[in-house]
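Asker: Here you go, one structure.
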Amino acid sequence: MGLRGEAAIVGIAELPPVRKPTGPARFTIEQYALLAKAALDDAGLTADAVDGLVSHGIAESDMFAPATLSEYLGIPVNYGEVVDLGGATSAGMIWRAAAAIELGLCDVVLAVVPGNYNLPVSQTRPPREFGYFGASSNKYGSPQAEFEIPYGNLGQNAPYAQIARRYAAEFGYDPRALAKIAAEQRTNACATPDAVFYGQPITIDDVLASPMVADPLHKLEIVMPCQGGAAVVIASQDAARRTKNRPVWVKGFGERVTFKTPTYAADLLRSPISAAADNAFAMAGIDRGSIDTASIYDCYTITVLMSLEDAGFCEKGKGIEFVNSRDLTFRGDFPLNTAGGQLSFGQAGMAGGMHHVCDGTRQVMGRAGDAQVRDCNTAFVSGNGGIMSEQVALVLQGD
Amino acid sequence: MDKPLPEPTPVTKPFWDGLSEHKVKIQYSPSADRYIFYPRVLAPGTLADDLEWREVSGEGTLYTFTVADRPTAPPWADALPQFLAIVELDEGPRLSSELVGAAPDALRVGMRVKPVFEDHPDEGVTLLKFTPA
């Protein structure tokens, strides 16, 4: 069961992440239009070919996002939806789009994630209140409002540090191995002009010398918020033949959603990507040894380490050995996050998850420039939402 | 800035009432033979309608923790460092909490901890924190 590998990513648009917004403020609904146009141009398709739309929602409207976007873009769709999986949203969008195409619902699907938070400010309405609750809900009756927030269990740094601390107790810890992930991804960013840290190499010692934010996580092991945005076009076999790029077929996927707060994980150190990756590889009929590049969601270095293990690229508990024995750069024997990952390419908010889709796609399309992996045909992509609580795996392959 | 406090709900009230009496009361599902946390209307996993309240010792082990030198949110800016802990009760469930009376260097994953009841009389609520046993 599953996908037959008959839907392909045929166009991508990823804005170069910037630390501070540049250009005019744009509503998210406007960003949807601009990103959609850029991705369709990249594919060589026109708007009238689109009959599916996957979104993350729009800041200007709390409800009815697909209908509002369909109206604004002037594109009626056979399939419109909102994906709400945090950092796994983007990877989750790709398989939903591919499934809609293989079911015959759609021919061409847009998956768009705005990532510019510089929105126009109203002269008459009160400014939008963001508060400090972030991904936690402080509404009455929310488990987070009642059992997490009063204890300061907010944000991402502390829970990821708790995961790292538990990892250290169960398997041992080598701060230099974790730092090596960040340093080698930075090497990749330095071969990627669009990366926010292009031209700024770092060493393992630089990472370890950066301030401790939440013990044992250093500042340079933690993703930095940026502005940007990304869009991807997924197409049927027929439509893919009309496009400009090498089609990148969605061969397999898996998704696993388990909890919101890691306190309630059945096992904090066995993340849901395990089941998701098993499903993705089995569906694709491709083994892990055939992967030419991996783009693994990297909000923190510990996320990468755990995902390498749980996705089955090495034995559980041997991630440190794996990282220390491999060259993770685009020239290496395990090319990982070849554009720098979110840590060094930049995390444009919710669009950060789409970076990994774009990274894997660029490599298989042969468009990664100086960071191109030779003979790259097969990519593994992961998405990670919440605190390793909802994860998606994709296996992508060129002809 | 005031720290946010919990607002009990009709379903969770027995837990918070227990804490006010300096007792730890959590739910137990006889059909699953399992204690659960946080309180729910049906047992998670089985959705069995047999949850009953039981008093437990509140003792457990430190499943993991972090010492945060930067506040996780503005209300904790004057309360650093934060000792953010996940505690595993001896009966099985885990909960999020904070450690009090702890020296950072003395903390170890797996160490024994016991409950500390932090009363907030003005708001009529008691928080469940922990300290090394």
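The values are calculated or read from the model by the stated rules, or taken from the named source; none is laboratory data. This is a predicted model, so every value here is computed, not measured. Cβ coordinates were reconstructed from backbone atoms using ideal geometry, including for glycine residues, and neighbour counts include every protein chain displayed.
Asker: Taking strands (runs of 3 or more DSSP E) that do not extend beyond region B:36-98, which have at least 1 residues that are at pLDDT 95 or above and hydroxyl-bearing (Ser, Thr, Tyr)?
Answerer: Numbers: elements: B:52-56, B:60-68, B:82-89, B:94-98.
Strands (runs of 3 or more DSSP E) meeting the threshold: B:60-68, B:94-98.
Asker: Determine whether B:Trp76 is more than 12 Å from every other protein chain (Cβ to nearest Cβ) and closer than 25 Å to B:Val116 by Cβ.
Answerer: On the way: more than 12 Å from every other protein chain (Cβ to nearest Cβ): no; closer than 25 Å to B:Val116 by Cβ: yes.
Answer is no for this residue.
Asker: May I pose another question? Starting from region B:1-12, keep only residues that are at the interface with another protein chain (Cβ under 7 Å from one of its Cβ atoms) and closer than 13 Å to B:Thr126 by Cα, then list their pairs with residues that are exposed (fewer than 15 other Cβ atoms within 10 Å of the Cβ) and of a type outside the set (Gly, Ala, Ser) whose Cβ atoms are within a distance under 8 Å, requiring at least 6 positions of separation or different chains.
Answerer: Taking only residues 6 or more apart or on different chains, the pairs are B:Leu5/B:His120; B:Leu5/B:Glu123; B:Glu7/A:Tyr140.
Asker: In the list A:Arg288, A:Arg241, which residue meets the criterion of being under 21 Å from the mean Cα position of the chain (by Cα) and away from chain B (no Cβ under 14 Å)?
Answerer: Selected residue: A:Arg288, the only one of A:Arg288, A:Arg241 that is under 21 Å from the mean Cα position of the chain (by Cα) and away from chain B (no Cβ under 14 Å).
Asker: Next question, about the same structure. Which one is nearest to the chain's Cα centre (by Cα) among residues in region A:193-207 that are part of a loop (DSSP other than H, G, I, E, B) and either surrounded by fewer than 16 Cβ atoms within 10 Å (Cβ to Cβ) or at pLDDT below 95 (or both)?
Answerer: If we filter region A:193-207 for residues that are part of a loop (DSSP other than H, G, I, E, B), which is where we start, we get A:193-203.
Cutting the leftovers down to either surrounded by fewer than 16 Cβ atoms within 10 Å (Cβ to Cβ) or at pLDDT below 95 (or both) gives us A:193, A:199-201, A:203.
Numbers: A:Pro193: 19, A:Gly199: 23, A:Gln200: 23, A:Pro201: 23, A:Thr203: 25 Å.
The extreme case among them is A:Pro193.
Asker: So, in region A:154-175, exactly how many residues are among the hydrophobic types (A, V, I, L, M, F, W, C), touching a Gly at 6+ places or on another chain (Cβ under 9 Å) and surrounded by 20 or more Cβ atoms within 10 Å (Cβ to Cβ)? Working first, answer last.
Answerer: Keep residues of region A:154-175 that are among the hydrophobic types (A, V, I, L, M, F, W, C), which gives A:154, A:158, A:161, A:163-164, A:168-169, A:171.
Cutting the leftovers down to touching a Gly at 6+ places or on another chain (Cβ under 9 Å) gives us A:154, A:158, A:169, A:171.
Subset that is surrounded by 20 or more Cβ atoms within 10 Å (Cβ to Cβ): A:154, A:158.
Counting residues in region A:154-175 that are among the hydrophobic types (A, V, I, L, M, F, W, C), touching a Gly at 6+ places or on another chain (Cβ under 9 Å) and surrounded by 20 or more Cβ atoms within 10 Å (Cβ to Cβ) gives 2.
Rundown of residues vs (1) touching a helix residue (DSSP H, G or I) at 6+ places or on another chain (Cβ under 9 Å); (2) within 11 Å of chain B (Cβ to nearest Cβ); (3) free of Cβ contacts under 8 Å to residues at least 24 places away in the same chain, yes/no style:
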position	(1), (2), (3)
A:Val109	yes, no, no
A:Tyr151	no, yes, yes
A:Pro159	yes, yes, no
A:Asp174	yes, no, no
A:Val196	yes, no, no
A:Ser210	yes, no, yes
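Asker: Moving on to the next point. What is the one condition in (1) buried (at least 19 other Cβ atoms within 10 Å of the Cβ); (2) more than 8 Å from chain A (Cβ to nearest Cβ); (3) polar (S, T, N, Q); (4) without any contact (Cβ under 8 Å) to a residue 60 or more places away in the chain that B:Ser97 does not satisfy?
Answerer: Single failed check for B:Ser97: (2).
Asker: Could I ask something else about it? Could you go through region A:219-236 and let me know if any residue there is modelled with pLDDT of 95 or more, more than 23 Å from A:Ala351 (Cβ to Cβ) and hydrophobic (A, V, I, L, M, F, W, C).
Answerer: So far as region A:219-236 goes, no, none of its residues is modelled with pLDDT of 95 or more, more than 23 Å from A:Ala351 (Cβ to Cβ) and hydrophobic (A, V, I, L, M, F, W, C).
Asker: Only one of A:Asp267, A:Asp278, A:Asp215 is away from every other protein chain (no Cβ under 12 Å) and among the acidic types (Asp, Glu); which? Steps first, please.
Answerer: Working: A:Asp267 fails: away from every other protein chain (no Cβ under 12 Å); A:Asp215 fails: away from every other protein chain (no Cβ under 12 Å).
Exactly one residue qualifies, and that residue is A:Asp278.
Asker: Does region A:127-148 contain at least one residue that is touching a strand residue (DSSP E or B) at 6+ places or on another chain (Cβ under 7 Å), within 14 Å of chain B (Cβ to nearest Cβ), farther than 30 Å from A:Ile29 by Cα and modelled with pLDDT of 95 or more?
Answerer: Here is the first cut: in region A:127-148, the residues touching a strand residue (DSSP E or B) at 6+ places or on another chain (Cβ under 7 Å) are A:147-148.
Imposing the further condition that a residue be within 14 Å of chain B (Cβ to nearest Cβ) reduces the set to A:147-148.
Add one more test, that the residue is farther than 30 Å from A:Ile29 by Cα, and what stays is A:147-148.
Then keep just the ones that are modelled with pLDDT of 95 or more; that gives A:147-148.
Scanning region A:127-148, I find at least one residue that is touching a strand residue (DSSP E or B) at 6+ places or on another chain (Cβ under 7 Å), within 14 Å of chain B (Cβ to nearest Cβ), farther than 30 Å from A:Ile29 by Cα and modelled with pLDDT of 95 or more, so the answer is yes.
Asker: Let me ask you something else. Report whether or not B:Glu21 is farther than 24 Å from A:Pro159 by Cα, exposed (fewer than 13 other Cβ atoms within 10 Å of the Cβ) and touching a helix residue (DSSP H, G or I) at 6+ places or on another chain (Cβ under 9 Å).
Answerer: Details: farther than 24 Å from A:Pro159 by Cα: yes; exposed (fewer than 13 other Cβ atoms within 10 Å of the Cβ): yes; touching a helix residue (DSSP H, G or I) at 6+ places or on another chain (Cβ under 9 Å): no.
So B:Glu21 does not fit the description; no.
Asker: While we're looking at this one, here's another question. Show me the helices (runs of 4 or more DSSP H) entirely contained within region A:50-153 in which 3 or more residues are surrounded by fewer than 19 Cβ atoms within 10 Å (Cβ to Cβ). Walk me through it before giving the result.
Answerer: Values: elements: A:65-73, A:89-102, A:143-147.
The qualifying helices (runs of 4 or more DSSP H) are A:65-73.
Asker: Give me the pairs: first residue in region A:53-77 and under 16 Å from A:Val109 (Cβ atoms) and in contact (Cβ under 8 Å) with a residue 60 or more places away in the chain, second residue part of a helix (DSSP H, G or I) and of a type in the set (A, V, I, L, M, F, W, C), beta-carbon distance under 9 Å, and six or more apart or on different chains, which are they?
Answerer: A:His56/A:Ala65; A:His56/A:Met93; A:His56/A:Met350; A:His56/A:Ala351
Asker: Please find, among A:Ala179, A:Ala230, the residue that is of a type outside the set (S, T, N, Q), in a helix (DSSP H, G or I) and buried (at least 23 other Cβ atoms within 10 Å of the Cβ). Let's see the steps before the verdict.
Answerer: Working: A:Ala230 fails: in a helix (DSSP H, G or I).
Going through A:Ala179, A:Ala230 in turn, the sole match is A:Ala179.
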